[in-house]
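Note sheet for the following structure.
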Amino acid sequence: MTAIHELGALELWKLLHARELSAVQVAEHFLDRIERLDEANAFVHVDAELALERARAADAAADRTGIIHGLPFADKDLTPRAGQPASMGSRWLEGTIAEATHPLAQVLDAGGGVVLGRTAAPEFGFAGYTRSALHGATTLPGRPDLHAGGSSGGAAAAVAQGLLPFAPGSDGGGSIRIPAATCGLVGLKPTRGRIPGQGGVGQVGGLTTAGAIARSVIDVALLTDALIGRVNGRTPHELSLRAPEHDDGSLLAAAMRGQGRFRIAVLSGGTPWDASDDIRISPEADDAVAATVRALEALGHEVGEVALPDASGDLGVPGVDGYAAAFTDLWRGGAATVPIPREQRHLLEPLARWIIDTSDALTAGGLARAQLWATEYERRVIAAFAPWDAVLTPTTALTPRPLDWYPIDDGEADFRAQVLHTPHTSFVNLTGLPAMTLPVHETDAGLPMGAQLIGPPGEEATLLAIGRQLERRIPWTQRVVDRMRP
């Protein structure tokens, strides 16, 4: 008999809906696995009492139509939930208890989800790997010498270990796609504004949006639909600025159909960071793209090439010296909202301290110019990609990184090392486009390598359809199940 943790989220939902499994059974199964098997340090807090209370309520409910009714999930440690720890991976906030629940957690509760606890994140989510002085390192399941990626590394490691069927995350520069690729999973960063609870609108630079991590494309679509939180089929937008919605109201339906023939371009001509950093694309990353191209061509899709617009100049915005300057200033602008007094910054780790300290020098004019540059670059990228249904890149330029690879004692050097590892992810946040990583390849050493598909604004359904077709040819879901401990 298939164990509960080996079932996909949609399979579990069907069994719960048919009352062949109870939410309490499912919660107890995953809580037991977390207690026994979390060797990768995916969870920083588990609340079994709350989880079982929510599970009993799910079982007692007469209406079981919630989109994730009875399914377990965990909040990322950057998502506050009233009454739960709210450290955000920082010693500065150690012992803090949240007073209010974030809209992202609220919408998953409203969808019938059963929250089990909190997954690990680096301090304030500033890193593309998951390590903090407060909680330690989150590692690639089965490889305690390698990072799991970040900042949603706890979420990805939990899914990869079979501790959750899927997990929400957030992505401001690759923080869903990086750990999903590292752990051999599917990860979707939606279009800016697509997720009302956390879609980037209203944030400095509009970089960060919530998204989903799972073993399969179908389960990612299911959780993304839950994060959108439609009411009577309509997205409850609270702001006038929102993402276009081109699907039929259900991303899950698009993923399940997995239909269509598409025009897909391989990104050529480098990355936006080439003018500022010595970017090297590893053979393993090239292999992931090549494997994807072979599968796409076998499926009958048209495959071509497209280059990114030049990102080295000021793009008509004097005072901005290209992509690295603009993105870094927007990143600092977001960090400037962390309300830590200067006299307490000694509690921060070097990366967070460097970002926050350097944000002090930002001027209103400088931040405005960075945003103007980003908006112009967004226009140029969307125009360049417009002839194509999707654009293909490596997700990471390098294989999963050793624990000692990042120079954690030097904040600026740490940031630069992250750029070398993931030069293809942050420009998708800056431009607000949807992107999905797919675990299309394994190295000779058995390490996962992902390929990234980038879509036009609002075209998550297209990415999911392509991803589902690839999933039928490449057995990545079974790989994850095979790696899980009994």
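Across the chain, Cα pairs under 8 Å and at least six residues apart give a relative contact order of 17 percent. Here the simple spin-label model places points 7 Å from the Cα toward Cβ, and for Glu49 and Ser282 these points are separated by 4.4 nm. When only Cα pairs below 8 angstrom with a gap of at least 6 residues are kept, the stretch 89-227 shows a relative contact order of 21 percent. Classify the stretch 117-185: rounded, prolate or oblate, from the alpha-carbon gyration tensor (a ≥ b ≥ c, eigenvalue square roots; a/c under 1.5 rounded; otherwise prolate if a/b is larger than b/c)? It is rounded, given that a/c, with a ≥ b ≥ c, falls under 1.5. With 5 Å bins beginning at zero, the pair-distance distribution over Cα atoms of the stretch 344-486 amounts to 2, 8, 13, 14, 16, 15, 14, 10, 6, 3, 0, 0 %. Can you bin the chain into rounded, prolate or oblate? Criterion: square roots of the alpha carbon gyration tensor eigenvalues sorted a ≥ b ≥ c, rounded for a/c under 1.5, prolate for a/b above b/c, oblate for the rest. Cα axes put the chain in the rounded bin. If you bin all the Cα-Cα distances of the stretch 128-267 at 10 Å, starting from zero, the percentages per bin are 13, 37, 34, 14, 2. Panel note: the C-alpha atoms of the stretch 262-377, placed on their principal axes, show extents of 60, 36, 26 Å (largest first).
Remark: the Cα gyration tensor places the stretch 168-247 in the oblate category, a/c being 1.5 or greater and a/b not exceeding b/c.
What value, in deg cm²/dmol to 500, does the helix sum -39500 (n - 2.57) over DSSP H runs of n ≥ 4 give at 222 nm once divided by the residues of the chain?
-11000 deg cm²/dmol
Let me check I've understood the local charge: for Ala384, count other residues with C-beta under 15 angstrom from its C-beta, Lys and Arg +1, Asp and Glu -1. What total comes out? Local charge sum for Ala384: -2.
Taken together, the values in this text are just the output of simple stated rules run on the coordinates, not laboratory data. These figures come from a predicted structure and were not determined experimentally. As a convention, Cβ positions derive from the backbone with ideal geometry for all residues, glycine included, and neighbour counts pool all protein chains shown.
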